[in-house]
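The values are calculated or read from the model by the stated rules, or taken from the named source; none is laboratory data. Note that the structure is predicted; figures quoted are calculated from it, not measured. Quick reminder, even Gly has a Cβ in these numbers, built from the backbone with ideal geometry, and neighbours come from all protein chains shown. Just the protein is used for accessible areas: all its heavy atoms, side chains included, with ligands, DNA and RNA removed. Shrake-Rupley method; radii C 1.70, N 1.55, O 1.52, S 1.80 Å.
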Amino acid sequence: MSNCLFCKIIAGEIPAAKVYEDDRVIAFNDINPQAPMHVLVVPRRHIATLNDLSAADDGLVGSMVRAGAQIARAHGFDGPGFRTVFNCNAQAGQTVFHIHLHVLGGRTLAWPPG
Ligand code: AMP
Ligand code: ZN
């Protein structure tokens with residue numbers, strides 16, 4: 001999608017600190033990290049929100065979650081723990097309308113979230 005920030009990162013038009021990529025997803029450091037590790041796992045295909053997923057995307061979402069766990073393990077946070085978050089629409093705080101999995105680790109994370 002031409003006016004999408006994450007599509008521009010995927011196309012290489014906007015720089016990002018990539019930490020992982022494969023044929024379906026890329027992952028890069030969040031520009032405004034909320035924890036020592038804060039990575040965003042993003043599908044290469046533009047999907048605006050979780051509401052736009054279909055059953056055909058089940059494998060893609062599984063790949064995103066597994067990539068997040070692999071990235072957390074590479075940082076050494078598989079044992080201590082890490083958090084994964086998808087925000088969906090305004091009340092959850094979604095600001096970029098191309099789905100992304102937040103992967104946070106490296107500090108104790110409060111629950112419930114704010
Ligand atoms: P959300 O609020 O769930 O939509 O998350 C969007 C995330 O994208 C926020 O955590 C932002 O800090 C992050 N973000 C915005 N612009 C960039 C960028 N250019 N590179 C990396 N992360 C970004
Ligand atoms: Zn997009």
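Arranged from highest to lowest average of other beta-carbon atoms within 10 Å per residue, in what order do the peptides 87-100, 52-65 appear?
Ranked by mean Cβ neighbours within 10 Å, highest first: 87-100, 52-65.
If you build the Cα gyration tensor of the stretch 1-109 and take the root of 5 times each eigenvalue, what three semi-axes come out, in whole angstrom, biggest first?
21, 15, 14
Label points 7 Å out from Cα along the Cβ direction at Leu60 and Leu109: separation in nm?
It is 2.3 nm.
In whole percent, how big is the carbon plus sulfur part of the accessible area of the chain, probe 1.4 Å, protein atoms only?
Here it works out to 53 percent.
Express the accessible area of the chain per residue in Å², computed with a 1.4 Å probe while the remaining protein chains stay in the model. Write down the numbers at each step before the final one.
Values: 6640 Å² over 114 residues.
That works out to 58 Å² for each residue.
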